[in-house]
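Structure record follows, encoded as structure tokens.
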Amino acid sequence: MDVTLLGTGDPAGLPRPDCPCAACSRAAAGRHRAATSVLVDQTLLLDLTPGAAMAAARAGRSLHAVRQVLLTHPHDGPAVEFPDDLPSPVRVPDGRELTLLGGHRVRAVALDAPGTGYEVTGPDGRRLLYLPPGGGPAGLGEETEGPYDLVLLDVAARPDALARLRAAHAVTWTTDIVAVHLGHDAPDGAELVRRLAAAGARAVPDGTA
């Protein structure tokens with residue numbers, strides 16, 4: 001399964017327009033993060049954000065083959081423009097499962113905060129868990145099929161959600177944990193690296209595959 005992070009920032013992005021804080025000033029100098037959006041095998045898009053097509057192009061990807069667009073949380077800003085050939089974005093009810101034409105299986109995960117998480121199983125059997133900003137799993141029942149290969153979540157704001165996943169053995173030492181939804185309230189630079197490392201997680205730049 002090929003997973004490309006088109007953005008890794010919170011819904012407002014980093015830097016925020018007209019924000020004078022130190023984190024936004026540093027981001028304006030080269031640490032920019034677009035709102036988090038994830039492209040899976042170039043056929044599944046998790047969260048449609050402004051500039052997603054350009055972000056994909058910068059990462060050497062394209063949205064032309066996308067067959068499903070799933071949203072995790074309401075978009076409170078201006079309407080997001082998206083290419084005409086993209087399917088209409090939808091949110092899947094909690095617990096509902098989809099089987100996509102490419103062989104991916106998607107299950108909507110209930111959260112303890114507004115929004116929807118998604119568990120994606122690729123044709124190769126690899127498993128991804130993607131949670132929206134501020135979200136943690138509401139319950140981890142028998143439907144969990146063992147540890148995930150990759151988890152994308154708001155580690156900076158919800159370290160307890162990661163701890164919950166570890167306690168349920170949905171996250172183990174084999175799981176790659178990447179912090180997303182990073183905004184100007186999160187620590188920056190070396191402090192961010194230190195805190196994430198203590199949680200067994202890491203941060204990556206926009207465009208990382």
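The values are calculated or read from the model by the stated rules, or taken from the named source; none is laboratory data. Computed from a predicted model, the values in this text were never measured in an experiment. When we count neighbours, we look across all protein chains shown, and the Cβ atoms used for this are built from the backbone with ideal geometry, even at glycine. In case anyone asks, the SASA skips ligands and DNA or RNA and just uses the protein heavy atoms, side chains included. Shrake-Rupley method; radii C 1.70, N 1.55, O 1.52, S 1.80 Å.
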So which residues in the stretch 50-63 are closer than 19 Å to D2 by Cβ, open to solvent by 20 Å² or more (accessible area, probe 1.4 Å) and either in a loop (DSSP other than H, G, I, E, B) or touching an Asp or Glu at 6+ places or on another chain (Cβ under 6 Å) (or both)?
A59, G60, R61, S62
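Got at least one residue in the stretch 164-185 being outside any loop (DSSP other than H, G, I, E, B), over 22 Å from A35 (Cα atoms), under 17 Å from the mean Cα position of the chain (by Cα) and at pLDDT 90 or above?
In the first step, residues of the stretch 164-185 are kept if they are outside any loop (DSSP other than H, G, I, E, B); the result is 164-167, 176-179, 182.
Subset that is over 22 Å from A35 (Cα atoms): 164-167.
Filter again for under 17 Å from the mean Cα position of the chain (by Cα), leaving 165.
Those still in the list that are at pLDDT 90 or above too: 165.
Checked against the condition, which is being outside any loop (DSSP other than H, G, I, E, B), over 22 Å from A35 (Cα atoms), under 17 Å from the mean Cα position of the chain (by Cα) and at pLDDT 90 or above, the stretch 164-185 yields at least one hit.
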For the stretch 29-37, does any single residue satisfy the condition of being among the β-branched types (V, I, T), buried (at least 22 other Cβ atoms within 10 Å of the Cβ) and assigned to a loop (DSSP other than H, G, I, E, B)?
yes
Would you mind listing the strands (runs of 3 or more DSSP E) fully within the stretch 97-138 where at least 2 residues are touching a strand residue (DSSP E or B) at 6+ places or on another chain (Cβ under 7 Å) and surrounded by 15 or more Cβ atoms within 10 Å (Cβ to Cβ)?
105-109, 117-121, 127-130
Take the stretch 81-96 and flag every residue that is hydrophobic (A, V, I, L, M, F, W, C) and exposed (fewer than 12 other Cβ atoms within 10 Å of the Cβ).
V90
Does any residue in the stretch 78-97 that is of a type outside the set (S, T, Y) come within less than 9 Å, Cβ to Cβ, of a residue that is at pLDDT below 80 and open to solvent by less than 80 Å² (accessible area, probe 1.4 Å) six or more places away or on a different chain, and which pairs are these?
P89/V80; P89/F82; R91/H73; R91/P74
Report, by residue number, each residue of the stretch 172-206 that is closer than 13 Å to R31 by Cα, open to solvent by less than 40 Å² (accessible area, probe 1.4 Å) and touching a Gly at 6+ places or on another chain (Cβ under 8 Å).
L182, G183
